[in-house]
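Notes for the one structure printed next.
The values are calculated or read from the model by the stated rules, or taken from the named source; none is laboratory data. Small disclaimer: the values here were computed from a predicted structure and weren't measured. Here the Cβ positions follow ideal geometry from the backbone for every residue, glycine too, while neighbour counts run over all protein chains shown. Just so you know, the surface numbers come from the protein's heavy atoms only, side chains and all, with ligands and any DNA or RNA stripped out. Shrake-Rupley method; radii C 1.70, N 1.55, O 1.52, S 1.80 Å.
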Amino acid sequence: MICLVTGSSRGLGRATALAFGREGHRVAVHYRERAAEAEETASLIRESLVVRADARDSREVGALVGEVIEKWGGIDVLVNNAGITKEALLIRTDEKDFDEVLDTNLKGAFNFIRAVAPGMMERKSGHIINISSYAGMKGKEGLSAYSASKAAIAGLTLSAAKELGAYNIMVNAVLPGYMPVGMGISAGEKARRAALRDSLVKTFSDPDQVARFICHLSGTSGITGQVFNLDGRIV
């Protein structure tokens, strides 16, 4: 399979790209700013391509998708993982920060789906897996923009699943738990303690385990329009 994993220079995106690579798939490693980390990720995958785009810019996303298709002939799996967060209480959240989070997390996923969908529709096959969050289902203090964007990802997933199902394109969302990597590290000690307190098994999510689930899901058929909770907390 040909897999495009957005935001795969670090964290869950990196783990997912490497998991696809271990399965022998070709992987397009996407980044916006962390070129060196993206190159390092790609170096661990036998057949890889490093691609850059600002997920908020539909023209850059379109050019990226075109580059992958030109090299490998198509895209079988899209994992929409790229995301950012800006932590602040709602009344103190700057409008520019709110827009940046929504544009990256939600519009970015929309841009990538819209760019890969025509090719998948033509081939009548494909998997699109969007990364949501516990914060999007329950909300979280100080993360109004992030929570809103991740809740909207669930709605985007369901709408896309209904529109693309006739073309045999599976669209699902995965909701990982708190992971002490990437954005999880920057969330701070308070977030770590809260995640452990609320977890039924008193543990964090393992990015490698989540990545393996994503790989497995991309190999299934007839499963679409679902939001898979991989967290140890009750949504």
| Matching entry among Leu49, Leu12, Leu4 (being touching a residue at least 60 places away in the same chain (Cβ under 8 Å) and either open to solvent by 10 Å² or more (accessible area, probe 1.4 Å) or part of a loop (DSSP other than H, G, I, E, B) (or both)) | Leu12
| region 52-79, subset of a type in the set (Gly, Ala, Ser) and in a loop (DSSP other than H, G, I, E, B), residue nearest to Arg114 (Cα to Cα) | Ala55
| said: For region 185-235, which positions are modelled with pLDDT of 80 or more, small (Gly, Ala, Ser) and either open to solvent by less than 60 Å² (accessible area, probe 1.4 Å) or assigned to a strand (DSSP E or B) (or both)? | reply: Ala211, Ser218, Gly225
| task | Taking the residues in region 122-156 that are among the polar types (S, T, N, Q) and over 22 Å from Arg14 (Cα atoms) as candidates, determine which candidate is surrounded by the fewest Cβ atoms within 10 Å (Cβ to Cβ). | result | Ser125
| Matching helices (runs of 4 or more DSSP H) fully within region 86-165 where at least 3 residues are more than 14 Å from the chain's Cα centre (by Cα) and under 22 Å from Leu217 (Cβ atoms) | 108-123, 144-164
| message | Take the residues in region 85-135 that are over 24 Å from Gly177 (Cβ atoms) and among the hydroxyl-bearing types (Ser, Thr, Tyr); name whichever of them is modelled with the lowest pLDDT. | response | Thr93
